[in-house]
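Worksheet: the structure to be examined is printed underneath.
The values are calculated or read from the model by the stated rules, or taken from the named source; none is laboratory data. Keep in mind that what you see is a predicted model, and the values were worked out from it rather than measured. Cβ sites come from the backbone with ideal geometry, for glycine too, and all protein chains shown count toward neighbours.
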Amino acid sequence: MKALTNEILQLLNKHQEAAFEVVFKLYYPRLVYFAKEFVPDSESKNLVQDAFISMWDKKPQFINESQLQSYLYTNVKNNCLMFLRHEKVKKKYKSEAAFQKQNQIYTEALNGLDTSTVTFQEIESIIEKTLSELPDRCREVFILSRMEGKKNKEVAEALDISVKAVEAQITKALKTLRVSLKDYLPLVAWLLINVK
Amino acid sequence: MDSEKLIHKITEKKALKDSEELLNYVSESGENTKEYIRYKTLWAMLQTGNEMDEETVNQGYKAVKRNVNGRRKSILLNIAKYAAIVILAVSAGYFIQYRDIDSEIAMNEIFVPKGNRTSVVLPDGSKVWLSNGTKLVYPESFVGDFRNVQLEGEGFFEVIHDEHHPFIVNVGEHRIKVLGTKFAVVAYPDDDEVKAELVSGKIQFDIHSGATEESYKSFMVKPMHSLVYDKTSGKVYESIIPDGFHDYWQKGTYRFRNESFDSLATKIARIYNVEIIFSDEELKTRTFTGTLSVDDNIYTLMEVFKSASGKPFGYKFDSGKIYIDK
């Protein structure tokens, strides 16, 4: 997936609707799938749409795409946290231990997630380096799966390997990334998308 | 469970609450919780959303376009509302109660809870916008020589001109008298000051002084000026209305310039219905310049303050309170 050009960012800064649409279509899917990891499917779209509505209304200015990314992820993260907080209150009297535990862990995870611009920029080079160090097959699987969004079955077919082998390679890649990103870990990797 | 299995569970997109095995593992130790969180967040950030079909993206964009420029209230406000049903048993933005004063004219009382805003049209056609934590009492119909209302809190008035029936906003023992004009009154009983801000027309600010009920010191407020009465010192200050005044009432955004954290905290507390507690007096004196929007969520707002602060500070939320420390 392509990153935004400077021209589009400039047009976005001028509050041009066409540029806003480009940004929306690039970031909406990944933000929705990000949110889905923490909130119910039915809410994830609303919470992300809310972030975009607020961005359009507030006209923030971005010097580079990292800032834009940081802005969007921070907003979506905060909207998810707000949702989790209210969900907790709403179901307070339900003695659903599993539900309360999940709410607590997801809240903790999101609270610890650093979405600042600086971190996004720093981590980019680390991911690039790590990816280049992965064994070929592992990198191939990871790129098909994570960057092109293919299902494990599709990756397996494309590379003519078993689904189990695909899963194993993804696990291996995540572990490697985890080690090299240990200082930043819970951060970003969609920056991977910008790695050529 | 080994980490391979853990990662496998996460990449299957299994919700934590739906997998007993995962729940048990995570609950076992703090180490396990940390490990789960690390993989979970990494996985979340890795999502490209390429699975989403074009139609879904387009629908999302249409929904956003329909609702930009403030045409829709933030979804989060709706969430906040249903949370409020549980917390406060308040679902609508305000309550209306009727009560008799002298059994001739029914009085309407509107109370806007913290975290809400509303507007109301008075019997004479005048319109009032009411802010957070504000109470307005007005008669069902205006009779007699004056149009009297009582305000506790913050309201912006657009009063229909009627020179024979002056309009009076009673704030505690003080009052603001007008013929017809646009102005705002800020008079929370627990604030140290009462403020009148005039946009156009003419208003008279009567400050109660002296022994009798009817003795007032009167001040005229100039258009685009505000007059502040300091309850503790008894002094009166005049200043020019700040730039963002209209935005505050019309769009719900509040612009501030070198305003102290302490003073901002009072406003934030009213807008978002939270209590802000400073661990250190020095924090209260820090000043900020910027804009806040009533429709922002409180988390975004705290992040903005955090990044805008020259000296770092930390904050944490705990059951409706925000603790701010160094």
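General remarks:
- Matching entry among A:L9, A:L31 (being away from chain B (no Cβ under 12 Å) and not acidic (D, E)): A:L9
- Index of the failed condition, A:E21 passing every other in (1) modelled with pLDDT under 90; (2) within 21 Å of B:T48 (Cβ to Cβ); (3) outside any helix (DSSP H, G or I): (3)
- Residues (within 10 Å of chain B (Cβ to nearest Cβ) and among the aromatic types (F, W, Y)) located in the stretch A:40-70: A:F52, A:W56
- Tally of residues being facing another protein chain (nearest Cβ under 7 Å) and part of a helix (DSSP H, G or I) across the stretch A:107-118: 2
- Within the stretch B:275-326, tally of residues that are in a helix (DSSP H, G or I) and of a type in the set (G, A, S): 2
- Helices (runs of 4 or more DSSP H) within the stretch B:12-68 that include 2 or more residues under 21 Å from A:T171 (Cα atoms): B:20-28, B:30-46
- The single condition from (1) closer than 28 Å to B:K135 by Cα; (2) surrounded by fewer than 14 Cβ atoms within 10 Å (Cβ to Cβ); (3) not acidic (D, E) that B:N297 fails is (2).
- The condition (being in contact with a helix residue (DSSP H, G or I) (Cβ under 7 Å, 6 or more places away or on another chain) and surrounded by 15 or more Cβ atoms within 10 Å (Cβ to Cβ)) is satisfied by just one residue among B:F219, B:F256, B:F205: B:F256.
- Residues that are more than 30 Å from A:A18 (Cβ to Cβ), small (G, A, S) and at the interface with another protein chain (Cβ under 8 Å from one of its Cβ atoms), drawn from the stretch B:1-60: B:S3, B:A15, B:S27
- Filter result for B:E303 (at pLDDT below 85, closer than 30 Å to A:K88 by Cα, of a type outside the set (K, R) and within 17 Å of the chain's Cα centre (by Cα)): no
- Any hit, the stretch B:109-118, residues being surrounded by 18 or more Cβ atoms within 10 Å (Cβ to Cβ) and either more than 27 Å from A:M82 (Cα to Cα) or at pLDDT 85 or above (or both): yes
- Among the candidates B:K306, B:K284, residue that is surrounded by fewer than 18 Cβ atoms within 10 Å (Cβ to Cβ) and away from chain A (no Cβ under 12 Å): B:K284
- Residue under evaluation B:I277, criteria (1) surrounded by 17 or more Cβ atoms within 10 Å (Cβ to Cβ); (2) at pLDDT 75 or above; (3) within 29 Å of A:H86 (Cβ to Cβ), criterion not met: (1)
- Any hit, the stretch B:71-81, residues being surrounded by fewer than 18 Cβ atoms within 10 Å (Cβ to Cβ), modelled with pLDDT of 80 or more and within 8 Å of chain A (Cβ to nearest Cβ): no
- Being assigned to a helix (DSSP H, G or I) and charged (D, E, K, R) is a property that B:K267 has.
- Members of the stretch A:148-173 found to be under 15 Å from B:T48 (Cβ atoms), crowded, with 18+ Cβ neighbours inside 10 Å and within 11 Å of chain B (Cβ to nearest Cβ), listed by number: A:G149, A:K150, A:N152, A:I170, A:A173
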